[in-house]
Each structure stands twice: as structure tokens, then as C-alpha cells.
Amino acid sequence: MTLEGVVVGYDGSAAAQVALDWAADAAVAYGLPLTLLSARPDAEAELLDLEEAIDEGLLRAEAIEHLAAAREQVVADHPGLTVDVLISPDSPVVSLLSASEVADLVVMGSRGLDGFHGLVLGSTTMNVTPYADCPVVVLYEPDQETEEARAFARHPEQVVVGFDGSVFAERALTLALRHADVTGLGIAVVMVSRGRPERAPAPITLETEGLRTGVRKVLAQAMDVVGDRPDVTYLYGVGPPAGILIAEAAGAPLAVVGARGRGGFAQLLLGSVGLQMLLHAECPVAVVHGPRTPA
């Protein structure tokens, strides 16, 4: 049994189903196996696959039906994809954090079955995202706001990535580039300076007149990471970074942020922009900590 590849936390909730659909598509695109990870904290203290858990009588009939049906649907929709179902003896948080130590990507719904209605993020999401060793992608149940965001998206065919020149931003941009490579999407690199009056992001190049030296330096850094590729748009705006990035990414296929930016305190595991994106973004959000990206 292995937790390498794309690992999706699955509990049968609506958000988990959205996460599973996205994770399966991503696994196919990346050429990686997919693992549905289900937590059962009162099980025997070892990681079991679905068949072993059934043989040992550790799962209720309803849970077996849920997990088997989920796997069968993924296999039917994605022929050739390797799909495993593993039952963890640990809590959902510990299970997903352990998976992040070896997985290429952890995918999860914003709220599970135990989440209170009206909350954007559940406790598992809040406790896994800041501490994970690999990138974490969070998916949300569709609602009227997200449907409207898709209809009026500024970047409907681009991965939107926030970039401030920090090491976390470089890692986020690297993931965005990899995801764009395997999905055929373009990339919108968004840079923001705090200040007033606010100015919505507009395309810039190194030749754009009036750019401050610091902005030009960050742009050159982003361009160095990206290299010579034509499907990248560089945008610069002024105002609150989180608010501008949330508005720019609304309805996008994916938004990618580093766990912390240049303004983050060293002891913080998740900066204010990353947290605000998780709370308010109207699109899937990837948060990047470490240097690993899907192979």
C-alpha cells in the first residue's frame, strides 16, 4: 500500500465528492495514481485497504457501499487510472498530514460530514492546510456565487497565481506552471502592492512605464521562473493583496498561493493571504508549503 500520487480525503460529503472529481481528473493529467483516504479512528492501528477492512469487519455496510461506489464511479469515468481506497486508523487530520509526507498532492473538500452548515471551512481543512508537507488543494461545494463567478470569470482558462517574490511564491508559481502544463491551461501571475488608491490588476511587461523598481524586480523574478512561454499573463494591481487576488481568481479553474509571503511572520504556518483565499475564494485553491510539486 502506498500514499504516493494524488491523495483525496473522502468521507462521502458533498464537498468530498467535488474534491474526488477534481482529484481524479488531476491524477489522470499528472499520470499519477489516486488514493481515496478514509479515516476511521477507532479501527485497528494499521493502514488497511478497503478489502482488508471489509474482511476484518471494521466497516459498516453503509461505509462499504459509499467507498465502493465512489471507487467504481472513478474507475468508470477514468479508464486506466489506478485507484486505491485506504482506511486509516487515525483521525482525518492526522491521516491527511501523514499522507502529505509522501503524496505529490493532497486534495480535500472545504467541509466534511461533521461540518456546521454556514461554515466555509471545516476543522479538518483548517488543521491540515497550514501543516501539510505537500501542496494542498481545497474544493468547495458549488453554490449560486461560484456559478456566477464562473460565468463572469476574468481568467476562465488560466491558473491564477499570487506572486510577491518570496520563496513560497516561487514554489506556488512552479506548481501553477506544472498544472498548466498537464491541463493545457494558461497562467495569470498576479502581483499586488499595498496602497491607495486601489487599482485593479492590469497587464505589465518589463517595458511598462512608471513601474516602481521593486515591482520591476519582482516581475523579472517571476519571468525568470516562468521562462520563455507565451501563455503567461503578468498583472499588477494596488490595494489589499488578498482582496485583489480573490477578485482576480473568481471563477478560475485554480488559484495557487504560497503558504506565506514576504510580509508573513516566520512563526506563522499560513499567512493572511492564504487564509483569506481559503475563506473567500470562489474557485479551487492550492496552498503550497514545501518544494515538492507533482512529478
Which one of these does Arg171 not meet: (1) of a type outside the set (Ser, Thr, Tyr); (2) crowded, with 21+ Cβ neighbours inside 10 Å; (3) farther than 22 Å from Leu254 by Cα?
(3)
Looking only at residues in segment 28-86 that are small (Gly, Ala, Ser) and buried (at least 18 other Cβ atoms within 10 Å of the Cβ), which one is farthest from Ala180 (Cα to Cα)?
Ala43
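Being farther than 16 Å from Gly12 by Cβ and either in contact with a Cys (Cβ under 9 Å, 6 or more places away or on another chain) or of a type in the set (A, V, I, L, M, F, W, C) (or both) is the filter here, so list the residues in segment 55-77 that pass it. Break it down stepwise before answering.
Filtering segment 55-77 down to residues farther than 16 Å from Gly12 by Cβ leaves 55-58, 75-77.
If the condition is that a residue be farther than 16 Å from Gly12 by Cβ and either in contact with a Cys (Cβ under 9 Å, 6 or more places away or on another chain) or of a type in the set (A, V, I, L, M, F, W, C) (or both), then Leu58, Val75, Ala76 are the ones that fit.
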Evaluate the following for Val7: is it under 30 Å from Leu185 (Cα atoms) and touching a helix residue (DSSP H, G or I) at 6+ places or on another chain (Cβ under 6 Å)?
yes
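Residue by residue, here is whether (1) over 17 Å from Ala259 (Cβ atoms); (2) at pLDDT below 95; (3) in contact with a Leu (Cβ under 8 Å, 6 or more places away or on another chain) holds:
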{"residue": "Glu147", "(1), (2), (3)": "yes, yes, no"}
{"residue": "Arg150", "(1), (2), (3)": "yes, yes, no"}
{"residue": "Val161", "(1), (2), (3)": "no, no, yes"}
{"residue": "Leu175", "(1), (2), (3)": "no, no, no"}
{"residue": "Val182", "(1), (2), (3)": "yes, no, no"}
{"residue": "Ile204", "(1), (2), (3)": "yes, no, yes"}
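Among the residues of segment 223-240, are any among the polar types (S, T, N, Q), modelled with pLDDT of 90 or more and under 21 Å from Leu175 (Cα atoms)? Don't jump to the end; show me each part of the working.
Taking segment 223-240 as the starting set, the residues that turn out to be among the polar types (S, T, N, Q) are 233.
This time we only want the ones that are modelled with pLDDT of 90 or more, so: 233.
Restricting the remaining residues to those that are under 21 Å from Leu175 (Cα atoms) gives 233.
Among the residues of segment 223-240, at least one is among the polar types (S, T, N, Q), modelled with pLDDT of 90 or more and under 21 Å from Leu175 (Cα atoms), which makes the answer yes.
The values are calculated or read from the model by the stated rules, or taken from the named source; none is laboratory data. In this text, all values refer to a predicted model and were calculated from it rather than measured experimentally. Counting neighbours? That spans all protein chains shown, and the Cβs are built from the backbone with ideal geometry, glycine included.
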